Each structure stands twice: as structure tokens, then as C-alpha cells.
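Can you read through this structure? Questions will come right after.
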Amino acid sequence: MLVAGLLVVVLTVGVGLFVRFGGRGEPATVEAPVVPGFGGTYVEGALGAPSTLNPLLARTQAEQDLARLLFRGLTRVDGSGTAQPDLAASWSVSDDGLTYTFTLRDDARWHDGEPVTAQDVRFTVGLVQDPEFPGDEALARFWRGVVVSVPSADTVVFQLLEPFAAFPTYAALPIVPKHLLGGVLARDLADDPFASQPVGTGPFRFDNRQDDGQVVEITLRAYEDFPGGRPYLDQVVFRYYEDVERLLEALRDGSVQGTGAVPAEQLLRPGVLPKGAIVYASPMPGYTALFFNMRDPLFASADVRRAIDLALDRERIVKGPLDGRAEVGFGPIPVTSWAYGPPGLVHDPQAAKDLLEAAGWTDADGDGVRERGASRLSFSLLVNDDDPERVAVAQEIVGQLQRIGVQAVVQPMPATEVSGALASRQFSAAIFGWHSATGDPDCYHLWHSAFADEGLNFTGWRNREVDTLLTEARQTPEQDKRRELYARFQAVFADQVPAIPLYYPRYYFAVDADVHGVEPVPIIRPSDRLDGLARWFVETSGAATATP
């Protein structure tokens, strides 16, 4: 089911501070509509000045935010994980799912006026495929398995080694201009002048960078010929601060009008933001879950896993340790996804007790922990100690399981040690999170048996039906068919419970109330919140009036 519309919930957090939550449902009216006007400036506060403006090398949020406004890919991915046309007007896929053909839109231009061509696309992919490409190695590995051909100036053909339905989401790779970078080797991209004075295709173009020794400032100007329509704002200014406290002070004194760089727990603290600031909460495609190691004899039993699932009150977890800063989790596909549709969630501690009793787990000695033979229903729960909220969630889980006679002992440790325990499969249960890099529901590497011993299937779950469903779903281009396959996968997952999704994350960002047009729509990455910035406005033509 696609994420349709925008559910806006307005909650008073402090004097003059509101939170608007994006999600499912119909829009709710929260303010009188105004007519947008052209002109004005929006100033965004950020942390850590970017070291590069080349989008292929962007790693930090500061760099990715700029790349989002300056550049475009063949596609863009909406909050549901569906690829939409961007530099490409359309695309098609062959019957065998191996060949994708993209047709470029005829009005796409670089900021210097040159047309965007298929050669730019092939050139960009070639840079990423180069063995000496200095950017993200995972991105490079993916593209090295793709053969690119250019049959015409406006047509690009990608040949895959095997069918991959999520490929259009990877086509969101930002394209760079061959006519400016054609003589630059991949290894030299970071040192080329383009990395400090880029020419892109986005709704805003680079203007200048200033550094007074205390604050770095980068100014972008509206691109008048942007195919999606000229942005309302004349310019966008990014100001970079060394730490959160200085950034928050800039928000309070009006030096900046918004930010996406402050952690939610600080952003929502009463008195932190100025009167009239609005905090927006955009859902993101991921989840935090309680993962079982099914190699552990305790969790080899589906009845034990089901009982723990029944016992956990996810709403209490979200409202308690998380203070409402997340959405209750129901299944292994994020709530934002077009493929989301798990069976209904049941919280029933008595049913959990009955299930354990029937499976032979009783508290014969009355010490509050169930036993079966020589085994006690007790386990260690790993959690990374650098995330206080996640540790608090683990403690809440301990309390809830105690009520049904299950003993869990929280074991906080450094994130690197948690990762090591998961990779080596040396754990009983653990709480950790997963985030979809592209928004596509493909979770083949997380749950397929091929990765049970080595890879991301840390639980060791092996299920032939699930293997077939996940394989077919990633190879089937038709979204309706994929939705059916993922629905069946979610049903099997709910029955077998290899893990318990606890909550889905939200991304919080603040913008002054005088900036209009901001919407907390579902996003894939934090920088996606800026996708709509071309429609933000500070100049108005008065209040909108209803027409008879």
C-alpha cells in the first residue's frame, strides 16, 4: 500500500513550538494557506563544513544536503521507495529483467546551459566503476556489475548480470558533466576545481563559498531554467558551525532559519528553539528490532519466540523510553514502503504465558524464571552502549519479559563489539537497527538462507518458502506482483518470528514558521527532506481565498 497523503499531527511541545508528523492518511489543516511569492533567502544551519561539493564523493550529511540541491540522477526515489522520473523522462525493462533502457528528458540542462546527454550518464558510471574511484566502495561494487551503452544522445542502456527489480532506485546516482570533467581521472576527482565550484542540474546552482575564520557559508542561487519550475526562493545559504550548541544559539538569535543537524532529543527539549519554530518529523525506511540467534537452543523453538513477541508492548516502548519519537513497529518491511502490509499486531501477555506453559516452560521453584528440565528461560540481550535510548528500550524489554517469567539481562557494549558478535554469531539476542539505503523493500540479504552463516542474516533463519519469495520479489519488475510476494513473506515472518521489529524511525528537522511550504513527507535519507525546498517560500502574496 502506497504512503498516501500527509497526516499532520500538531502537538504542543513548548511555548510556541510545534511538531508536525508525516505519515499515512489525509492532510489535516494546521494553518491558513498563503499564496507563495518569488524572492527571499532561506538560511540553513549545519554542522561541519563540507570538504567536497562533488556529489559522487559526498559522505557527510553536509555534503549530501548540498548534492541533493545541486545535482539530479536519472531517477529520484520517493518516500515509499518508488523510483520516479528525474533526468530521465521514462524507462523500460526487458522481459528477462536484464536490460533497462532510459530515455532522457529533452529540457534537462546543466547550470552552464549545456544539454544533459546520455554521454554524461555513461561517463558518470565509468568514474564510479573505475578501480581508483575514491568514493563509496559499496556503490562502486554495485555499478561494476553493470554494462552501459549509449545508442543515441538521449538513450542509455544498462545491462545487468542478473534480474534486479530495485535497479531504478540505484539510477538515482547523481550525474556529473562530461564536458567539464572528461579529462579528469577518477583518482583526481577530489582535487579537481569542480569539487569546490560544481556545475549541476538541480533546482539551485552554486554561487560562492565564504569563510571568515569562524563560520563557513555556502550560497546557492535559484536555477531559473530548472525543468521542474523556478524555485520560489532566490537563494539558499548554508552556515556551518563547529558544534550543536553554537548551531542552536544561531537558531535562537535568528542567524539561521532551520536545521536538520540537531539530534531529536535536543531539538524537542523545551526552550531550546525560538518561539514559533516548527519541528517536522519525517518517517524513514528502517527499523530497530530484537533479533534472536536461532542457533541458540533457547530460540530454536518458535513457541519461545512467539511468546516473547506476544509479551512485548511496543506502544509502551515508544511512549516510554523513546518519548514518542518513533512509530510502533509491526513487521520487517518499513511502514513507509509501498510493500508494507504485515498481519495485525497482537499484544497479549496471558497468551504468551499460556504458550510457554504448553511448551513445557514452568516456574516450578517459584523464583520468577521459567525452566524446562535443566534449561532456564534466561538470556543476555546485547545492545550498543553509545545509544542511551536503545539501552533504555532494552531495560524496558527486560521488565516486560519478567512479567511472563522470562529473564533477560541487558549487556551494553561498544557498537564495534556488538557488530563483531553479530558477524561471528556469538550472541543470544540483540537489539540493533537496519536502514534501507534506497527505500526499496528488497531485504534478500537480511533474511535469505544463503546469508545465514556469513552475511547479514545474523539470526540464522532458514526457510525455503522465504528464500523463494525474496528471490522472486527482487527479480520481478512488476510492483503489484512484488507486493504480493512481500505480503506472503511478511505473513511467514510474523508466524516464525526470527526477530521482533520494535519501532520505525523518524527524522526530525526544524524550520522557522515564517518559512512556508515545508512538509514532513516520508524520506529515504536525511538530505531528502530538501527535495521540496524548491517549493519552500518566505515571500507571500497574502492569504489564499476559496473560489466558489
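The values are calculated or read from the model by the stated rules, or taken from the named source; none is laboratory data. Everything numeric in this text was worked out from a predicted model, so none of it was measured. Here the Cβ is made from the backbone with ideal geometry for all residues, glycine too, and neighbour counts use every protein chain on show. Each accessible area value is taken on the protein alone, full model and side chains, heavy atoms only, with ligands, DNA and RNA left out. Shrake-Rupley method; radii C 1.70, N 1.55, O 1.52, S 1.80 Å.
When Rg is the radius of gyration of the Cα atoms in region 106-212 and Rh is its Kirkwood radius, what does Rg/Rh come to?
Reported Rg/Rh (Cα atoms, Kirkwood Rh): 0.98.
Give the ranking of 353, 319, 275 by solvent-accessible surface, highest area first, calculated with a 1.4 Å probe. Don't skip to the answer; put the middle values down first.
Working: 353 65, 319 145, 275 165 Å².
From most accessible down to least: 275, 319, 353.
Using 0.36 nm per residue of separation minus the Cα-Cα distance, give me the extension gain between residue 450 and residue 162 in nm, one decimal. Numbers along the way, then the final one.
On the way: separation 288, 0.36 × 288 = 103.68 nm, distance 1.66 nm.
Roughly 102.0 nm would be gained on extension.
I'd like to know how region 417-548 sits against the 2.2 N^0.38 Å rule of thumb: what's its Cα Rg over that expected value? Intermediate values should be presented prior to the final figure.
Values: Rg = 21.0 Å, N = 132, 2.2 N^0.38 = 14.1 Å.
That ratio works out to 1.49.
Separate question: For region 65-130, report the % of Cα-Cα distances exceeding 19 Å.
Working: 894 of 2145 pairs.
Distances greater than 19 Å cover 42 percent of the Cα pairs.
While we're looking at this one, here's another question. Which percent of Cα pairs goes in each bin when the distances of region 373-464 are cut into 5 angstrom slices starting at zero?
3, 13, 18, 19, 19, 18, 8, 2, 0, 0
Still on this structure: Classify region 471-548 as rounded, prolate or oblate, taking a ≥ b ≥ c as the square roots of the eigenvalues of its Cα gyration tensor: rounded when a/c is under 1.5, otherwise prolate if a/b is larger than b/c and oblate if not.
On the way: a/c = 3.04, a/b = 2.23, b/c = 1.37.
Because a/c hits 1.5 or more and a/b exceeds b/c, region 471-548 counts as prolate.
At 25 °C and 0.890 mPa s, what whole-number value in µm²/s does Stokes-Einstein give for the translational diffusion of region 150-225, with Rh from the Kirkwood sum over Cα pairs?
Numbers: Rh = 15.9 Å.
For these conditions, the coefficient is 154 µm²/s.
Could I ask something else about it? So for the chain, considering every pair of alpha-carbon atoms, how many percent are separated by more than 35 Å?
Details: 62943 of 149878 pairs.
So the pairs more than 35 Å apart make up 42 percent of the total in the chain.
Then there's this: Which percent, to the nearest 5, of DSSP beta bridges fully inside the chain are antiparallel?
Values: 66 of 88 bridges.
Close to 75 percent.
Identify the GluC sites (Glu not before Pro) of region 427-533 meeting these criteria: DSSP loop state and at most 12 other C-beta atoms within 10 Å of the C-beta. Please list the in-between numbers first.
On the way: sites: 454, 465, 472, 478, 484; in loops: 454, 478.
Passing sites in region 427-533 are 454, 478.
Pop out the Kirkwood hydrodynamic radius of region 279-436 from its pairwise C-alpha distances, inverse of mean 1/r, in Å to one decimal.
Working: mean 1/r = 0.0603 Å⁻¹.
Evaluated over region 279-436, this radius sits at 16.6 Å.
Given an 8 Å cut-off on Cα distances and at least 6 residues of separation, report the relative contact order of region 395-548 as a percent. Write down the numbers at each step before the final one.
On the way: 104 pairs, mean separation 20.0, N = 154.
Reported as a whole number, the value is 13 percent.
Rounded to the nearest 20 debye, what is the charge dipole size of the chain about its Cα centre when +1 sits on each Lys and Arg Cβ and -1 on each Asp and Glu Cβ? Provide the component values of the computation, followed by the final result.
On the way: 47 positive and 73 negative charges, 158 e Å.
Dipole of the chain, to the nearest 20 debye: 760 debye.
Under the √(5λ) rule applied to the eigenvalues of the Cα gyration tensor, what semi-axes describe the equivalent ellipsoid of region 218-350? Give them in Å, descending.
Numbers: eigenvalues 355, 86, 38 Å².
The three semi-axes for region 218-350 are 42, 21, 14 Å.
For the chain, what does the relative contact order come out to in percent, with C-alpha contacts under 8 Å and a separation of six or more? Could you put the intermediate results ahead of the total?
On the way: 1199 pairs, mean separation 125.3, N = 548.
Computed value for the chain: 23 percent relative contact order.
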